Structure formats: structure tokens, C-alpha cells
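The values are calculated or read from the model by the stated rules, or taken from the named source; none is laboratory data. Note that the structure is a prediction, hence the values are computed from the model and not measured. Cβ placement follows ideal geometry from the backbone for every residue including glycine, while neighbour counts extend to all protein chains displayed.
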Amino acid sequence: MVKFAKHAHPHLKVLVRAFDRGHGYRLRQAGADYIISETYHSALEMGAEALRSLGVHPFQAERQKHAYRDIETQQNDVLYNAWKDNASGERVDNNYLDLLMELEQLIEEALNTDLHDNHSKRRGWTPPPKGYAEDQMKQYKNSKQD
């Protein structure tokens with residue numbers, strides 16, 4: 001339907017939902033202008049909630065969710081072009097599989113870096129260490145006694 005709609009009305013902006021990555025690629029190839037995965041954002045939210053449920057600080061869970069999304073977004077065109085260059089467009093070749101493995105590695109590295117980075121370059125708030133307020137109060141009281 002996307003292909004025929006774009007052919008009949010080339011200036012039509014087509015917004016679609018895809019049920020998986022391959023479906024999204026086929027919609028993009030057909031001319032869709034904006035493609036969103038039906039389950040992608042809910043999966044990101046569920047992952048962040050799982051982290052919070054495991055005791056990860058809410059801000060840290062959000063940082064990891066954004067790190068994952070950023071890597072996926074950056075690699076989207078590379079994966080699509082590898083898929084598109086494949087003759088059939090349905091099966092995947094070794095190049096595409098290699099790129100998926102690279103994507104997985106990039107995401108793993110980003111999440112591990114983000115997990116251990118207490119002072120990220122991203123804008124946001126990192127909570128102070130435990131006991132920080134008490135230490136500051138003691139220092140303040142000691143300075144008043146002097």
C-alpha cells in the first residue's frame with residue numbers, strides 16, 4: 001500500500017508502524033517516510049523498569065535506556081543499507097549478520113560504560129554518594145565551632 005500511495009501521490013508523507021526490523025526495512029524500501037516499531041518503545045520502557053526493580057537508580061536506568069536508543073539510532077542506516085544491498089531483501093547475508101553482531105557489541109560497551117560512569121558527559125543529575133549530606137553537615141558544624 002505504501003508503494004502505491006507514494007507512486008500516486010509522491011508528496012504524501014507516509015507514517016507507518018512496523019512489527020519488526022525486517023518489516024520496517026520493507027516499508028522504508030517502499031517509500032515510507034516515518035517508521036516506528038510497534039514494540040520498540042514499550043520494550044525500552046520495560047527494560048528501564050526492570051533495571052529500577054533490580055535496584056538501579058532511576059536516573060541510571062534512564063541513562064542506560066537512552067544509551068541503547070542512541071546506538072540503535074546511529075546504526076539504523078548502516079543496517080538498512082546492508083539489508084537493502086542483499087539481493088532478495090528477505091534473507092540476511094553474513095555482512096548483515098556481522099553488522100548486527102557489531103551493533104550488539106556497541107550496545108554492550110555503551111551500557112557497561114554508562115553503568116560505571118558516575119559523571120557522564122550527558123546532561124543530568126548523578127546522586128551524591130551515601131553519607132554525603134551527613135559529612136557536609138559535620139564539616140559545617142566543625143567550621144562554626146572554630
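Below is a table of values for the structure above.
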| quantity | calculated |
| --- | --- |
| Arg63 vs. criteria surrounded by fewer than 15 Cβ atoms within 10 Å (Cβ to Cβ), part of a helix (DSSP H, G or I) and at pLDDT 80 or above | no |
| Whichever residue in segment 78-124 is within 19 Å of Gly22 (Cβ to Cβ) and surrounded by fewer than 11 Cβ atoms within 10 Å (Cβ to Cβ) and, among such residues, is modelled with the highest pLDDT | Met101 |
| Residues of segment 1-21 that turn out to be of a type in the set (A, V, I, L, M), exposed (fewer than 14 other Cβ atoms within 10 Å of the Cβ) and outside any helix (DSSP H, G or I), as a count | 3 |
| Failed item in (1) out of contact with any helix residue (DSSP H, G or I) (no Cβ under 6 Å at 6 or more places or on another chain); (2) surrounded by fewer than 17 Cβ atoms within 10 Å (Cβ to Cβ); (3) in a helix (DSSP H, G or I), with Gly24 passing the rest | (2) |
| Residue check for Thr73: among the polar types (S, T, N, Q), at pLDDT below 75 and in a helix (DSSP H, G or I) | no |
| For Val56: the one exception among (1) in a helix (DSSP H, G or I); (2) at pLDDT below 90 | (1) |
| Residues of segment 27-47 that turn out to be of a type outside the set (Gly, Ala, Ser), under 20 Å from Lys3 (Cβ atoms) and in a helix (DSSP H, G or I), as a count | 3 |
